[in-house]
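The values are calculated or read from the model by the stated rules, or taken from the named source; none is laboratory data. The structure displayed is predicted, hence computed values, not measured ones. Here the Cβ positions follow ideal geometry from the backbone for every residue, glycine too, while neighbour counts run over all protein chains shown.
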Amino acid sequence: MKVLIAEDVKRLADDIAEGLRDQGMAVDIAYDGSDAAFKLDVYHYDVLVLDRDLPGVHGDTIWTRSAGRSPAAASR
Amino acid sequence: MDNPVPAALRLLRAPRRLGQRWGLRLPRRTVRLRLTALYGLLFLASGALLLVILNVAAHGWSNENTQSGPVCPAAWGRPPRWLTAKHPLGSPAFPKELQEWQTARCAAARAAQLNWLMEESAFALAGMALLSVGAGWVMAGRALRPLREMTAAAQAISADDLSGRLAVTGPSDEMKDLGDTIDSLLARLQAAFDAQRRFVANASHELRTPLAMMRTSVEVAAAKPGQAPPQVTELVSKVTEGLDQADRLLENFLTLARAQYGAKESQETISLGAVAARMLGEHSGEIAAKAIRAQQEDGGAQVTGNATLLARMAGNLISNAIRHNDRGGWLRIQTRASQATVHLTVENGGGMLDPASVKELAQPFRRLAGDRTGSAHGTGLGLSIVAAIVGAHNGSLQLHARPQGGLRAVVELPRAPAGSGPAAEPAAAVTAPAGPAAPPAASPGSPARTGARA
């Protein structure tokens, strides 16, 4: 399962990623909104863990753009 | 010997005391009344002084003229018969006696005139004094009108909404200075209140991130594959417990800030009894765990307000009543409506409480002796959140230590205007949605006043 974590607090993102990797998932991390939007455009993810208050592109914007594409996305 | 100042004060209060003794209700001693009385008294005193001066001057003038010669021929008239009989016309003594008689007659006439003048003046003064009291009443009312307007405007400004201003218009006089001073004070107060609320809300929000980081780290570490040493497992459980408590505290801080700041949002009319029943249901697990007998009496109470906050208010009261209850104790919730207000009463049995310290329980972090932040007895914000929510809805919260032990919390809120909100509501439904129900009359800690219901 491929997961994207969009979270600007680095330690928190890393810890969540580590926990999910321990459970056998493939995890990507985006530390800001632009990176998250780019990764969502380029790659396919099964799960999106999204922080709302992201620098660059706001989490709400990313959510509206990705909601149509990936019905399995889950928001934090 | 008595101090002269209290003696004078007693004298001033004498009319009030006499009025109380005779069962009379004296008017409130307002500034307007006092100004009117002062104005009337001053007018009366200056009028009386004027009369005295006039009297003295008239007497002086009259004496002077009476002695200097006969100046009141109109008062002479014909000489009396005894005078003409005694002294026939032409006798040498006649003119002298006649002159004496004329002078005496003249003095008497003047005295009568003066008396008449004084009497008439006194009547006129009394009439004018009455008129001046009326004029003084009107004048004092006009002079104090800006003050009354300012009082009304200031009363409309509450701690929940300090944005109102007196905005006194008119010439730059003492009243406008007072209004402007109060306005600037309000502006400073509002800035301070806003800063405090923003700080609490922001701090609570910002603190959530590091807490989330800690929780994630701990949970990720605990979920690592393989068996963790027992001391690590214990550490994880302790840290998680601490984090849970910090989360609850922060959530309560945010609720408190929201209650003080945002209660005006999303107003709707709800039934307080229904809210209390729902909250009682949500706490059914805890009620069952402590084997508490819970009972609710719904007398139909509609309120308009923020539904989330009102639910939180009822929930906190119920949770408080469960937490500070004895095992196998009782808990009773009553909602009722009166003419203009609705009441939510949450009562519980339990240990004896100090009536003096119970009054302070609505202050943040105020607990009764023995409770500490780290205990299982909550965050210390529950009742202050209730007080803040009640305050934001223009109500009042009263906490009483029950004489038989336990706490009685009474929330009074303004009743929702007729015709708004949910229509049908049971007039007196008795429900026991949670816990093993039992009539409160059977419970030993049941209050005597309200024990015979249901």
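Among the residues of segment B:153-169, at least one is among the polar types (S, T, N, Q), in a helix (DSSP H, G or I) and exposed (fewer than 12 other Cβ atoms within 10 Å of the Cβ).
Filtering segment B:276-305 to residues that are in contact with a Lys or Arg (Cβ under 8 Å, 6 or more places away or on another chain) and over 22 Å from B:TRP330 (Cβ atoms) leaves B:GLY300, B:GLN302, B:VAL303. As a summary of the residue check, A:ALA67 satisfies the conditions (1) within 14 Å of chain B (Cβ to nearest Cβ); (2) modelled with pLDDT under 90 except for the one numbered (1). Checked against (1) surrounded by 11 or more Cβ atoms within 10 Å (Cβ to Cβ); (2) modelled with pLDDT under 90, B:GLU174 passes all but a single condition, namely (1).
Every residue, every condition in (1) surrounded by fewer than 21 Cβ atoms within 10 Å (Cβ to Cβ); (2) at pLDDT 90 or above; (3) basic (Lys, Arg); (4) over 20 Å from B:PRO364 (Cβ atoms), yes or no:
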residue: B:LEU250; (1), (2), (3), (4): yes, no, no, no
residue: B:GLU265; (1), (2), (3), (4): yes, no, no, yes
residue: B:SER271; (1), (2), (3), (4): no, yes, no, yes
residue: B:SER319; (1), (2), (3), (4): yes, yes, no, no
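The residue that is nearest to the other protein chains (Cβ to nearest Cβ), among those in segment B:169-216 that are polar (S, T, N, Q) and farther than 22 Å from B:ALA257 by Cβ, is B:THR216. Looking across B:ALA203, B:ALA195, one residue alone is aliphatic (A, V, I, L, M), loosely packed, with under 11 Cβ neighbours inside 10 Å and more than 26 Å from the chain's Cα centre (by Cα). It is B:ALA195. Of all residues in segment A:36-67, those that are assigned to a helix (DSSP H, G or I) and under 15 Å from A:LEU12 (Cβ atoms) total 2. Scanning for something surrounded by 22 or more Cβ atoms within 10 Å (Cβ to Cβ), farther than 19 Å from B:SER396 by Cα and not acidic (Asp, Glu), does segment B:304-314 turn up at least one residue? Checked against the condition, which is being surrounded by 22 or more Cβ atoms within 10 Å (Cβ to Cβ), farther than 19 Å from B:SER396 by Cα and not acidic (Asp, Glu), segment B:304-314 yields no hits at all. If we keep just the residues of segment A:16-35 that are farther than 13 Å from A:LYS2 by Cβ and either in contact (Cβ under 8 Å) with a residue 60 or more places away in the chain or in a helix (DSSP H, G or I) (or both), which is farthest from the other protein chains (Cβ to nearest Cβ)? Checking each candidate, the answer is A:SER34. Take the residues in segment A:1-11 that are crowded, with 21+ Cβ neighbours inside 10 Å and within 14 Å of another protein chain (Cβ to nearest Cβ); name whichever of them is farthest from B:PRO225 (Cα to Cα). Per the criteria, the residue is A:GLU7.
Determine whether B:GLY273 is more than 25 Å from A:VAL9 (Cβ to Cβ) and within 14 Å of chain A (Cβ to nearest Cβ).
no
The C-beta contact set for segment B:95-117 (first residue at pLDDT below 80, second residue among the basic types (Lys, Arg) and in a helix (DSSP H, G or I), distance under 9 angstrom, 6+ apart or interchain) comprises B:GLU97/B:LYS86.
Scan segment A:36-52 for residues that are more than 14 Å from chain B (Cβ to nearest Cβ) and either among the aromatic types (Phe, Trp, Tyr) or crowded, with 16+ Cβ neighbours inside 10 Å (or both) and the total you get is 10.
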